[in-house]
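Encoded as structure tokens, the structure appears first; notes follow it.
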Amino acid sequence: MLKQFTRANHTASRAHAPRAMAGMLLVLLAVAGCGQKTHKAGQSLASVNGEEITVLQLNEELQRANVPAAQQEAAGKQLLESLIDRQLLQNEAVKEKLDRDPKVLQAVERAKALIVAQAYLQKHLPPQAKPTPAEVADYYAKHPGFFSARKVLELRQLLVASKDLTPELKAVLDANKSLEDVAAWMDSNKVQYARNQLVRSTTDLPPEMSAKVLAMPKGQLFIVREGERSVIMTVADVKDAPVSEQVAAPQIEQFLSNQRAKDAAAAEMARLRSGAKIEYFNKTTGAPEAAPA
């Protein structure tokens, strides 16, 4: 076909060459652009090896951190650096194919399930009405140990391994010895322990435990077991620390709101369970006698 071109055709093609070359250049630039990532001005904040970090990502981090408006500029700079670090780690993890690790995939699926379930509850649970002043006052009056009769306890402790609570040590404790006497006995018998001192209010402790501790005379020893560790404890001092209703009101409102949301979620779970077909295939992990919502 090329041999059949006449001289006139060749001249005409040379005349149109610049225009054709310009058209080809535009096509090549367009094709090259298709393989490159583009970003809109003002949306991308940084790029990590070609992976962009956007304003939307930063805003999500600020919202999750619940940063006040006055501190968002300073916090935003720190969070942006955290996002860059996270992207670097993610890139390296993908290079090592950790994103395909069965344990990682299982954790991702679990996180996804939790997020989706939470999204359902947020969509379907009705907004909870703010507790009224009368409800706040009623809660305040019914829980004096938390507020009007609140007390602060100074506690002294000896931390020991539960296996070291031998009959001999228990006999020392039953003899109404002081905490220092018990420590001296453990020193002489080479029982390892650690000392601790802390302050707790009746608001921090379960009501039943607060009642029992307050009923004890100062200096009396008692034991709290925490699995492999046990705490030999005594109350060194008790002080009154009442909280007024005005000061406690915001905390009470938040507690009552959270309780209402929890109750609404439990009701929705009960509704879903009642309409679902649930089968248990393992006797050891089967349904309890009364499955909680």
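For region 44-124, which whole-number percentage of the solvent-accessible area (1.4 Å probe, protein heavy atoms only) is attributable to carbon and sulfur atoms?
C and S atoms contribute 55 percent here.
Taking the Cα centroid of region 46-82 and of region 127-166, what is the distance between the two, rounded to the nearest whole Å?
Using only Cα atoms, the two centres lie 37 Å from each other.
Hey, what do the phi angles of region 156-170 turn into as Karplus ³J(HN,Hα) couplings, whole Hz, using 6.51/-1.76/1.60 and θ = phi - 60°, x for Gly and Pro?
10, 9, 10, 9, 9, 6, 4, 5, 8, 7, 6, x, 5, 5, 5
Provide the convex hull volume over Cα atoms per residue for region 151-240, in Å³.
Taking the convex hull of the Cα positions in region 151-240, it is 93 Å³ per residue.
Please go through the residue pairs Lys77/Lys103; Lys142/Lys239; Lys130/Lys262 and name each one whose alpha carbons sit more than 26 Å apart in this structure.
Flagged as over cut-off: Lys77/Lys103.
With a 1.4 Å probe and every protein chain kept in, tell me what percent of the accessible surface of region 199-259 is carbon plus sulfur.
For region 199-259, the apolar C and S fraction of the accessible surface comes to 54 percent.
Where a Cα-Cα gap under 21 Å defines reach, which lysines qualify for Lys190, not counting those fewer than 8 residues away within the same chain?
Here the lysines satisfying the reach criterion relative to Lys190 are Lys163, Lys170, Lys177.
Applying 1/(1 + (r/R0)^6) with R0 = 35 Å to the Cβ-Cβ distance of Asp237 and Ser188, what FRET efficiency is obtained, to the nearest 0.05?
Once rounded, the FRET efficiency stands at 0.80.
Starting from one equal scatterer on each C-alpha and no solvent at all, send me the Debye-based log10 I(q)/I(0) for region 206-293 at q = 0.13, 0.24, 0.25, 0.26 Å⁻¹, two decimals.
So the normalised log intensities are -0.87, -1.15, -1.20, -1.24.
May I ask you to give the solvent-accessible area per residue for region 151-240, in square angstrom, as obtained with a 1.4 angstrom probe?
Dividing the accessible area of region 151-240 by its residue count gives 61 Å².
Of the options Ile84, Val67, Ile53, report the single residue whose Cα projects farthest towards the positive end of the charge dipole of region 44-124 (beta-carbon charges: Lys, Arg +1; Asp, Glu -1).
So the residue we want is Val67.
For the pair Ala211/Leu89, report the inter-label distance in nm, with labels modelled 7 Å from Cα in the Cβ direction.
Placing both labels 7 Å along Cα→Cβ, they lie 4.7 nm apart.
Whole-Hz Karplus ³J(HN,Hα) for region 244-259, in order, using 6.51 cos²θ - 1.76 cosθ + 1.60 and θ = phi - 60°, x for Gly and Pro?
Values, residue by residue: 6, 5, 4, 6, 7, 3, x, 5, 5, 4, 5, 4, 5, 5, 5, 5 Hz.
Only residues of region 178-220 count here: report those whose backbone N is under 19 Å from the spot 7 Å along Cα→Cβ of Glu228, or say none.
Under 19 Å, as judged by backbone N against the label point of Glu228, lie 191-195 of region 178-220.
Given a 1.4 Å probe, how much area per residue of region 44-124 is accessible, in Å²?
Spelled out: the 1.4 Å probe surface of region 44-124, per residue, equals 80 Å².
Count charges around Ser230 for me, please; just the other residues with Cβ under 10 Å from its Cβ, Lys/Arg as +1, Asp/Glu as -1.
0
Extension gain Leu114-Ala69, at 0.36 nm per residue separation less the Cα-Cα distance, in nm?
Length gained between Leu114 and Ala69: 13.3 nm.
Relative contact order (percent) for region 44-124, with alpha-carbon contacts under 8 angstrom and 6 or more residues of separation?
Averaging sequence separation for qualifying contacts and normalising by length gives 21 percent for region 44-124.
Test of understanding: what is the full-extension gain from Ala161 to Ser201, defined as 0.36 nm times their sequence separation minus their Cα-Cα distance?
Stretched out fully, the Ala161 to Ser201 stretch lengthens by 11.8 nm.
If I model a spin label as a point 7 Å beyond the Cα along the Cα-Cβ vector, how far apart are those points for Ala107 and Lys130 in nm?
Reported label-point gap for Ala107 and Lys130 is 4.1 nm.
According to a simple spin-label model (label point 7 Å from Cα along Cα-to-Cβ), what is the distance in nm between Lys277 and Leu98?
Each label point lies 7 Å from its Cα, and together they span 4.3 nm.
Please compute the contact order of region 151-240 in relative form: average sequence separation of alpha-carbon pairs under 8 Å and at least six residues apart, divided by the residue count, as a percent.
52 percent
With every protein chain left in place, what is the accessible area of Glu92 in Å² (1.4 Å probe, nearest 10)?
Its heavy atoms expose roughly 90 Å² to the probe.
The values are calculated or read from the model by the stated rules, or taken from the named source; none is laboratory data. Keep in mind the model is a prediction, meaning the values are calculated, not measured. Using ideal geometry, Cβ is built from the backbone for each residue, glycine included, and neighbour counts are taken over all protein chains shown. Just the protein is used for accessible areas: all its heavy atoms, side chains included, with ligands, DNA and RNA removed. Shrake-Rupley method; radii C 1.70, N 1.55, O 1.52, S 1.80 Å.
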